[in-house]
Amino acid sequence: MFTRSALLLSALPCLSSCVTEGFSLDGASTFRVEVVRVNGEDPPSPDARLPANLGNVDETWEIVIEARDGRGQPTAFEGVVRLRAEPGAVQAVEGEGGMGRNLRVRGGRATATVRVTGVFGDSRIWAEDLGYLPAEDPTKAACSNGINDDPHEDMLIDFPADPGCAYADDDTEEGGTFAAGVSPPVAYALPRISDIQGRGSETPYKFESMEVNSAPPQRIVVTRISSDGFYVTDLAEQDLGYNHLYAFNFSTPPGMRVCDRIEYLAGTVNEFFGGTQIAFPSYRVRPPARGEDCEVPEPAIIEPFMVGNPVAMEKLESGLVRIEGFHITANFGKNRATVSKQFPGIYEFKADQSNCDLNEDGQVDFTSPTEGRCSEQCTSSTECSEWTSYSARGNYKVSNGAVMIQVNTSTVGGFDPTSHRGEVLDVVTGTLRNFSGGSLNWTVETRCSDDLACQATGCVPAPKSSKEACVRLRTETENEATN
């Protein structure tokens, strides 16, 4: 009877031969990559991180690359490696051997200055063998000489047919070694919410997966819970703007409440029709301690002159805002608009007649010469709210006679805006959403019935403070607050 140890010992010769047959420890197996200088200085320490790079300036990293064999020893590798920054982007590789974003390695070693941008957190330089060896004389390169130089591997000839040819001047039809290496991290700060917003109309970190900087002095508080996510504000940058962010969660985040502090937030940053958001979020929340005040800031007042100022509005995107004294447009109803008999091509809108879905297919065709024109004329009028925008998304227009903005009060139960067309809404509070479809891009969305103050059914008689409005107490059976 064989013991388990005996069986394992008897298998060792076979295992050894199976692993080593046809395998050599010689040649490049990996690359040792080191960043020796950053912007002309020693690399930053984790305790003194550089600010997150927003992708609007280049920084210089001086690097050294050495090829190593399977034993970890230096080896005389000849070829080109592709460089990339993770996270971030390589703009150019400068110095002897620099070739765009690539670097020529001779005798197993190379140095270069790499211009990078968009770097944040623990960023690294990656190097990978492309299987590319530029010919000294491009006219005689193996990948453009009309000969199959690697008949033992395939029957394909030259670039671009042979997958071993990186470019036409590649002097080898053989593929790369798959050798790769990565540098130790270069310490940058994690992006703050204002960094993610980019302090402009678009995020500099589109499609990047990242963690949001929530460490002191940053103080991130939940300002709204919605059916598809949540909204947060960084209190540390309240006076600067661009400090609000929407997290698209696909559903209401369980266990989260207005006033909660965010201790951890990560996800994929993206632009959705002009609005910056973080999707697929992971988060950790801390409820206010007993006796601790709610830190949700009072809403920012949107003055009429700000509505047409994209910079002023971008600073408030996804933030808690308020408009005062605007009235629901007078022409707002489900019946179809009609063409004027006196002025052909001009559409007439009446109290219950602002629907530009003229063919009744359930939507407005903005490329249609009829429906598109009807929608444009309604949109440009200070007293018309196009019906399908309301029926599809709950958005409708309010005006002060000169300035227009959209609101969405679908969270206010019992309030029917069409029953109060032409009437003043004393105060509308909510989060500010940016949606680039059409000319009215900004919508104030109420969070709950506390956010609509007016004299109609469903409204509250007067606006409430942020310490009270839409704040819901937890129960003993509250769901787990981490996702």
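Some values worked out for this structure:
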{"item": "Full-extension gain in nm, residue 474 to residue 130, via 0.36 nm per residue minus C-alpha separation", "result": "118.2 nm"}
{"item": "Loop-located chymotrypsin sites (Phe, Trp or Tyr not before Pro) in segment 234-333 whose Cβ has at most 14 other Cβ within 10 Å (DSSP)", "result": "250, 273"}
{"item": "Where labels lie 7 Å past Cα in the beta-carbon direction, separation of residue 57 and residue 250 in nm", "result": "4.0 nm"}
{"item": "Out-of-range pairs (alpha-carbon distance over 29 Å; input 315/464; 206/464; 315/397)", "result": "206/464"}
{"item": "The chain: angle of helix 371-380 to the longest principal axis, Cα-based, in degrees nearest 10", "result": "70 degrees"}
{"item": "Per-residue [θ]222 nm for the chain (sum of -39500 (n - 2.57) over DSSP H runs n ≥ 4, rounded to 500)", "result": "-2500 deg cm²/dmol"}
{"item": "Theoretical FRET efficiency, 1/(1+(r/R0)^6), r = Cβ-Cβ of residue 393 and residue 49, R0 45 Å, to 0.05", "result": "0.60"}
{"item": "Segment 150-209 and segment 352-430: distance between their alpha carbon centers, rounded to Å", "result": "48 Å"}
{"item": "Sites residue 168 and residue 109 - FRET efficiency at Förster radius 22 Å, r taken between beta-carbons, to 0.05", "result": "0.20"}
{"item": "Identified option (computed Rg and Dmax of the Cα atoms in Å; candidates [x] 31.7, 95; [y] 30.9, 106; [z] 21.6, 73)", "result": "[y]"}
{"item": "3J(HN,Hα) from dihedral phi, segment 105-111, Karplus parametrisation 6.51/-1.76/1.60, rounded to Hz, x for glycine, proline", "result": "10, 10, x, x, 8, 7, 10"}
{"item": "Residue 207-residue 153 pseudo-label distance in nm [points 7 Å out on the Cα-to-Cβ vector]", "result": "2.9 nm"}
{"item": "In segment 331-421, the trypsin sites (Lys or Arg not before Pro) that fall in loop regions by DSSP, at most 13 other Cβ within 10 Å", "result": "341"}
{"item": "Chymotrypsin sites (Phe, Trp or Tyr not before Pro) within segment 119-208, DSSP loop, no more than 12 other Cβ atoms inside 10 Å", "result": "178, 207"}
{"item": "Cα centre as origin, Lys/Arg/Asp/Glu Cβ charges: the chain dipole, Debye", "result": "1780 debye"}
{"item": "Average accessible area per residue (Å²) across the chain - probe 1.4 Å, nucleic acids and ligands excluded", "result": "49 Å²"}
{"item": "Residue 64-residue 264 FRET efficiency (beta carbon distance; Förster radius 41 Å; 0.05 resolution)", "result": "0.70"}
{"item": "Lys, Arg +1 and Asp, Glu -1 on Cβ, resulting dipole of segment 72-183 about Cα centre, debye, nearest 20", "result": "780 debye"}
{"item": "Nearest 10 degrees, 0 to 90: helix 4-20 Cα axis against the chain principal axis", "result": "80 degrees"}
{"item": "Gain in span if fully extended, residue 334 to residue 42, counting 0.36 nm per residue against the direct Cα distance", "result": "98.4 nm"}
{"item": "Relative contact order of the chain, pairs being alpha-carbon contacts under 8 Å that are 6 or more residues apart, as %", "result": "10 percent"}
{"item": "Signed unit charges on C-beta, dipole axis of the chain, positive-most listed residue 422, 281, 207", "result": "422"}
{"item": "Around residue 459: net Lys/Arg minus Asp/Glu count, Cβ-Cβ under 11 Å", "result": "-4"}
{"item": "Cα-projected label distance for residue 286 with residue 457, points at 7 Å along beta-carbon direction, nm", "result": "4.6 nm"}
{"item": "Fraction of accessible area attributable to carbon and sulfur, the chain (%, probe 1.4 Å)", "result": "53 percent"}
{"item": "Theoretical gain in end-to-end length, residue 400 to residue 360 [0.36 nm per residue, Cα-Cα removed]", "result": "11.3 nm"}
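The values are calculated or read from the model by the stated rules, or taken from the named source; none is laboratory data. Just so we're clear, the structure is a prediction, and the values are computed from it rather than from any experiment. Neighbour counts are summed over all protein chains in view; Cβ atoms, including those assigned to glycine, are modelled from backbone coordinates with ideal geometry. Heads up: the accessible areas ignore ligands, DNA and RNA and are worked out on the full protein's heavy atoms, side chains in. Shrake-Rupley method; radii C 1.70, N 1.55, O 1.52, S 1.80 Å.
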